[in-house]
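Taken together, the values in this text are just the output of simple stated rules run on the coordinates, not laboratory data. Quantities reported herein were computed from a predicted structural model and do not represent experimental measurements. Counting neighbours? That spans all protein chains shown, and the Cβs are built from the backbone with ideal geometry, glycine included.
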Amino acid sequence: MLVINGNKLRPVAVKSYYDWLHDCVRTNKPWDVLVREILTSTGSSATNGGHQLFRGQPKRRKI
């Protein structure tokens with residue numbers, strides 16, 4: 001569920017995301033806080049790991 005496509009992001013962005021996710025697991029961050037950080041993330045993709053989840057997803061097709 002929290003896997004990103006490394007082919008669509010710069011290597012520094014992928015590292016930022018996985019470092020952020022690893023830190024969330026290591027510190028036992030509650031799921032609600034983790035999801036809130038993903039949904040409200042802003043800033044640089046190089047420094048804000050939670051920001052990567054949406055950027056690495058395929059675009060939705062209009063129906």
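Looking only at the range 39-52, count every residue that is surrounded by fewer than 17 Cβ atoms within 10 Å (Cβ to Cβ) and either assigned to a helix (DSSP H, G or I) or touching a strand residue (DSSP E or B) at 6+ places or on another chain (Cβ under 7 Å) (or both) and tell me the total.
Looking only at that region, the number is 1.
Between residues in the range 19-33 that are without any contact (Cβ under 8 Å) to a residue 60 or more places away in the chain and residues that are among the polar types (S, T, N, Q) and outside any helix (DSSP H, G or I), which pairs lie under 8 Å by C-beta distance while being six or more apart or on different chains?
TRP20/ASN48
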